[in-house]
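Asks: Pasting a structure below so you can have a look.
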Amino acid sequence: MHASSALHTDRYELTMLDAALRDGTAGRRCVFELFGRRLSGGRRFGVVAGTGRLLGLIRDFRFGHEELRFLRDEKIVDAATVDYLEDYRFRGSITGYREGELYFPGSPILTIEGTFAEAVVLETLALSVLNHDSAVATAAARMSIAAGERPLSEMGSRRAGESSSVAAARAAYIAGFGATSNLEAGRTWGIPTMGTAAHSWTLLHDTEEDAFRSQVDALGTGTTLLVDTYDITAGVETAIRVAGTGLGGVRVDSGDLPTVAAQVRAQLDALGATGTRITVTSDLDEFAIAALAASPVDAYGVGTSVVTGSGVPTAGMVYKLVARQDAAGSWVPVAKASTDKGSRGGRKAAFRTLDAGTATSELITVSDGFEALETGAQHPDARGLQTTLAEAGDIRPEFEGASGVRGAREHHRRVREELPVRALALSKSDPAIPTVYREV
């Protein structure tokens, strides 16, 4: 077993479990649903990310000796609950949207069915993973749309926590980025890695020319030289003098990028380096990338903005009990009824209606009983959005690891083609398609 994820949770999850074991409700079958009431930041769509990570963490949600000793020493739960947790493993079922899928307000992104005791303790973990990763993936998708066919690299590890930076690199790759600077993300998730040199490399050497010669000697003429440590025009001239007109690329990390990119392109062409690519960095976000669409830029490197969700660091999802069995074993839909935080009870089935391949609505059918849940056969003009992720506690392995990441990336590429044109705009607006509920 990997390191336990069991204490990546809020205390009240375990105090609820403790009380439920006392009053006899812990074994009631329940359905919890993870969804967003709205799209954070005025975004027009969201991207589901983190599912594969979460499934692995649920498998490792086990209470070992150290975790149980902490609970006993801190008197968080009583002895009977400690005994229950000693043998805990999730044995329920999980259905949900595939990783890389688009989502909208109310989309039942994850549905967890099990006993109350099994399912309630997963709330914090599920929200922690999906809120972070989906926020990053949504921002990354917007940047990918703005970049068009130009490649994007993620390089924001220094602007995030050491673990969240790996998760962010994974989410960005799923949503359209082509590489990351983070080696742990490369090792763990099979993401292509990139990187050559920073300004400190140039400053280490007596001259810029010495730094460039050393880098070319080590990495070959196909490398990318950072040309803005001192004077950009002089740096470009030195780069071509050292590496020749076959230099792979130059990187610019400062200045008014549209103006600088045009000047660098003109200079490279005048020097005969017509094939040398220009990569720009320097605090890019989707708006800056869009502003460079007409500039002679070949690739983008994005750091802070992507790993922080471009100003929207959480997707704002919630985890709510939507159905439970009563004392007689009948299913009862339940929902919070607050005016501004209300939700819809009942088990959900989700479909995306399409017109000639373009999404027109998020159709969510709501059932009081499980036997009435609708299937894709009842909606031939729509695409079913939910799949089984775990059954009887067994995680489906195809959604985990590097292969799961590749599958999520390909799924995102396909479903993004369904977006209507208005979804591609970067300005704040209502969701690109409406969410339609229908009782069955």
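The values are calculated or read from the model by the stated rules, or taken from the named source; none is laboratory data. Everything numeric in this text was worked out from a predicted model, so none of it was measured. Heads up, the Cβs are rebuilt from the backbone with ideal geometry, glycines too, and the neighbour counts pull from every protein chain shown. Each accessible area value is taken on the protein alone, full model and side chains, heavy atoms only, with ligands, DNA and RNA left out. Shrake-Rupley method; radii C 1.70, N 1.55, O 1.52, S 1.80 Å.
Asks: Is there a quick way to get the dipole size of the chain? I mean about its Cα centre, with the Cβ of Lys and Arg at +1 and of Asp and Glu at -1; what is the value in debye to the nearest 20?
Replies: 940 debye
Asks: For Cα pairs less than 8 Å apart in space and 6+ apart in sequence, what is the mean separation divided by the residue count of segment 1-140, i.e. the relative contact order in percent?
Replies: Computed value for segment 1-140: 43 percent relative contact order.
Asks: Follow-up question, since we're still on this one. Mean residue ellipticity at 222 nm from the helices of the chain, using -39,500 (n - 2.57) per DSSP H segment of n ≥ 4 over the full residue count, to the nearest 500 deg cm²/dmol?
Replies: -11000 deg cm²/dmol
Asks: Please work out the average accessible area per residue across segment 297-356, using the 1.4 Å probe convention, and give it in Å².
Replies: Accessible surface, normalised per residue, equals 41 Å².
Asks: For a protection proxy built on the mean count of beta-carbon atoms within 10 angstrom, sort 290-296, 277-283 highest first, please.
Replies: Highest-to-lowest ranking by the protection proxy: 277-283, 290-296.
Asks: Shifting gears a bit: Under 15 Å from the Cβ of LEU424, count the other residues' Cβ atoms, weight Lys and Arg +1, Asp and Glu -1, and hand me the total. Intermediate values should be presented prior to the final figure.
Replies: Working: positive: ARG43, ARG44, ARG142, ARG413, ARG416, ARG422, LYS428; negative: GLU149, GLU286, GLU417, GLU418, ASP430.
Charge balance in the 15 Å sphere: +2.
Asks: Could I ask something else about it? Just want the answer: with Cβ charges of +1 for Lys and Arg and -1 for Asp and Glu, which residue in PRO333, ALA350, SER361 is farthest toward the dipole's positive end in segment 311-405?
Replies: Final value for the positive-end residue is PRO333.
Asks: So, one more: With a length cut of 27 Å (Cα positions projected on each helix's long axis) and a Kyte-Doolittle mean of at least -1.0, go through the chain and give me the DSSP H helices that pass.
Replies: Helices meeting the span and hydropathy rule in the chain are 123-147.
Asks: Using the Cα centre of segment 70-152 as origin and beta-carbon charges of +1 (Lys, Arg) and -1 (Asp, Glu), tell me which of GLY96, SER107, ALA146 is placed farthest towards the positive end of the dipole.
Replies: Of GLY96, SER107, ALA146, it is ALA146.
Asks: Right, next: For the chain, which whole-number percentage of the solvent-accessible area (1.4 Å probe, protein heavy atoms only) is attributable to carbon and sulfur atoms? Mind dumping the intermediate values first?
Replies: Numbers: 9460 of 18650 Å².
Result for the chain: 51 percent of the exposed heavy-atom area is carbon or sulfur.
Asks: May I ask what percent, to the nearest 5, of DSSP beta bridges between residues of the chain are antiparallel? Intermediate values should be presented prior to the final figure.
Replies: Working: 40 of 60 bridges.
Counting only bridges with both partners in the chain, antiparallel ones make up about 65 percent.
Asks: Would you be so kind as to identify which of ALA175, SER157, THR221 lies farthest towards the positive end of the dipole of segment 154-250, taking Lys and Arg as +1 and Asp and Glu as -1 on Cβ and the Cα centre as origin?
Replies: Positive-end residue among those listed: ALA175.
Asks: Let me ask something additional. Per-residue counts of other Cβ atoms within 10 Å, averaged by peptide: what ranking do you get for 155-166, 40-51, highest first?
Replies: Result, highest mean first: 40-51, 155-166.
Asks: Under 30 Å between alpha carbons, and skipping anything fewer than 8 positions from LYS428 in its own chain: which lysines qualify?
Replies: Qualifying lysines at Cα under 30 Å: LYS320, LYS336, LYS341, LYS348.
Asks: Using the scaling law 2.2 N^0.38 Å as the reference, what is the normalised Cα Rg of the chain? Please list the in-between numbers first.
Replies: Details: Rg = 25.2 Å, N = 440, 2.2 N^0.38 = 22.2 Å.
In units of the 2.2 N^0.38 Å rule of thumb, it is 1.13.
Asks: Here is a follow-up. Counting heavy atoms of the protein chains only and a 1.4 Å probe, report the per residue accessible area for segment 1-144 as a whole number of Å².
Replies: Accessible area per residue, segment 1-144: 35 Å².
Asks: Shifting gears a bit: Rank these by accessible area, largest first, 1.4 Å probe: TYR12, TYR84.
Replies: TYR12, TYR84
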